Amino acid sequence: MRREAFPMKTATDTALGHVSSMMYRTALSILALGWLVLAGTTHAAINGTTGANFTLTAKDGYVSMGDGATIYMWGYALNGGQMQNPGPTLIVNEGDTITVTLNNDLAEPVSITFPGQKDVKAVGEDSMGFLAPEAASGGGQVTYSFTATNPGTYQYHSGSNPALQIEMGLVGALIVRPAAAGQAYDSPTTAFHQEYLFLLSEIDPDIHTAVEAGVAPDMSSRRAQYWMINGRSAPDTFFDDGIPWLPSQPYGAMARAHPGERVLMRVIGAGLDLHPFHTHGQNFRVIGRDGRMRETVRGVSGADAGISDFTLTVAPGQTYDTIWRWDGRGLGWDILGHAPGDPCDPAAEECDAQSPDYDHGKPIPVSLPEQQFLTFGGFWSGSSFLGQEGALPPGEGGLNLDGGYFYMWHSHTENELVNFDVFPGGMMTMMIIEAPGVSIP
């Protein structure tokens, strides 16, 4: 592991370096996030590579953590390009025959296994690995093919020495889309408005340092120090996809939605550890696991066996599809700040006056404290109402020009909210509820 952002001399120097770099990175992320909210550039479609034929190359390279540390990694590259973590997100259509050609530029045999896919065939393999046919070190090649029979969220990863090679980064997401657009599975009960990928993983930097030095690592003493979503640790998770200063980590993790919209969360346990992923703001409902819809009567009942929860226990190697929805109904006050005579907005509030959730035109039922009794954050718009701004003291706020509500989504194992023991960082991102009319591309 290399930390080029600051010299490493003593334990005190190290700690101060982490804190200094983290503060700088956090400030940069906050500024970028404020700009994203203002400009509306964060997208609600999963960024990936579509098609039926893919060429991946196992390569080495480096990634950057949220505290500025540079860590040696392995990863899959698309079409001979740059190694990336995680590997390219492959997006395919149900029923298509998929072909994946793997080239190996690493110094040991590697492979790919596709959990959840049936009858995977391999051509040109040099040897048989632990779980899958391998490409030999230093230029070997193997081609895999299968039919994407079932829609859902899957992962792919190395089947050769998987404990080490998954730790080193040989893992990625595979999404199989059904024939109907805007659904997770072949049922309208799985329809969604926005979708996001949350691929969870972790790193023990000592293992990566040993591999870079050509030393066999001691996997029995493995202890993660960095925790990531989509290959980034916070605050880098707040950045948009494809930012130029993280060329090996192309995928961001910030989510956005309007009130009432159904958000499809595609969650993948891509590391070696279990992670309890917690969503503030509202419960989610699990509609699928490991690429299979949760239904009581197959092909008839739809996703009626879903489980409602606020923390998803993400096990290594498993995938989950959940629907999360926030509408702000039944709070006892009008989140849009309407007066009683204003038109009701059915997209964001209950408009049936007989409903117990009818809050249209209701004021906030408590007296809010004066500004001198408040501590402000950059994302406080100055108003309690969605999509509105209010008065702020000089120098406060300014990063929430659309007046959204911010909810932290994160690991509920609290020590995973750090980068090398320095908070904030790790497995953390944000969900932003935007007012009706705010564009979410």
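Could you size up the charge dipole of the chain around its Cα centre, putting +1 on the beta carbon of Lys and Arg and -1 on that of Asp and Glu, and report it in debye to the nearest 20? Walk me through the intermediate numbers first.
Values: 22 positive and 47 negative charges, 114 e Å.
Rounded to the nearest 20 debye, it is 540 debye.
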Subject >> Acute angle (nearest 10 degrees) that the helix 11-39 long axis makes with the longest principal axis of the chain, alpha-carbon atoms >> reply: 60 degrees
**OP:** Could you tally the net charge around Asp206, taking each other residue with its Cβ under 9 Å from the Cβ of Asp206, Lys/Arg +1 and Asp/Glu -1?
**Re:** 0
Original post:
Mind listing the phi-derived Karplus ³J(HN,Hα) values for region 228-236, rounded to whole Hz, using 6.51, -1.76 and 1.60 with θ = phi - 60°, and x for any glycine or proline?
Top reply: 10, 10, 6, x, 10, 9, 4, x, 5
Subject >> Partner aspartates and glutamates for Lys121 [C-alpha distance under 16 Å; skip if fewer than 8 residues away on the same chain] >> reply: Asp96, Glu134
Original post:
So how do Tyr320, Tyr76 line up by other beta-carbon neighbours within 10 Å, fewest first?
Top reply: Tyr320, Tyr76
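I want the local charge near Leu246. Using Cβ-Cβ distances under 9 Å, sum +1 for each Lys or Arg and -1 for each Asp or Glu among the other residues.
Working: positive: Arg232; negative: Asp236.
Local charge sum for Leu246: 0.
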Subject >> Residue order, fewest to most beta carbons within 10 Å, for Ser411, Ser248, Ser201 >> reply: Ser248, Ser411, Ser201
Subject >> Extreme residue, positive dipole direction of the chain, given options Tyr196, Gly260, Tyr144 (C-beta unit charges) >> reply: Tyr144
Original post:
Exposure proxy check: Glu195, Glu414, Glu202 ranked by fewest other beta carbons within 10 Å?
Top reply: Glu414, Glu195, Glu202
Subject >> Karplus 3J(HN,Hα) series, Hz, for region 281-292 with 6.51 cos²θ - 1.76 cosθ + 1.60 (x for Gly, Pro) >> reply: x, 5, 5, 10, 10, 6, 10, x, 9, 6, x, 10
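Which net charge results when you count Lys and Arg as +1 and Asp and Glu as -1 among the other residues whose beta-carbon is under 12 Å from that of Pro356? Walk me through the numbers before you get to the answer.
Values: positive: Arg329; negative: Glu350, Asp352, Asp357, Asp359.
Net of charged neighbours comes to -3.
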Subject >> For region 147-226, with +1 on Lys and Arg beta carbons and -1 on Asp and Glu, the positive-most of Ala179, Ser221, Gly169 along the dipole >> reply: Ala179
Subject >> Size of the chain as Cα extents on the principal axes (Å, biggest first) >> reply: 74, 63, 33
Original post:
Which whole-Hz couplings ³J(HN,Hα) result when phi for each residue of region 182-196 is put into the Karplus expression 6.51 cos²θ - 1.76 cosθ + 1.60, θ = phi - 60°, listed in order with x for Gly and Pro?
Top reply: x, 10, 7, 9, 7, 7, x, 5, 10, 5, 9, 9, 10, 9, 9
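Calculate how many DSSP beta bridges within the chain are antiparallel, expressed in % of all such bridges and rounded to the nearest 5.
On the way: 70 of 93 bridges.
Approximately 75 percent, going by the DSSP bridge assignments.
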**OP:** Work out the length of the dipole vector of region 184-323 about its Cα centre, built from +1 on the beta-carbon of each Lys and Arg and -1 on the beta-carbon of each Asp and Glu, and round it to the nearest 20 debye.
**Re:** 380 debye
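Rule-based calculations on the coordinates, nothing more; no lab input. Keep in mind that this is a model prediction, so the values were computed, not measured. Backbone-built Cβ (ideal geometry, glycine too); neighbour counts: all protein chains shown.
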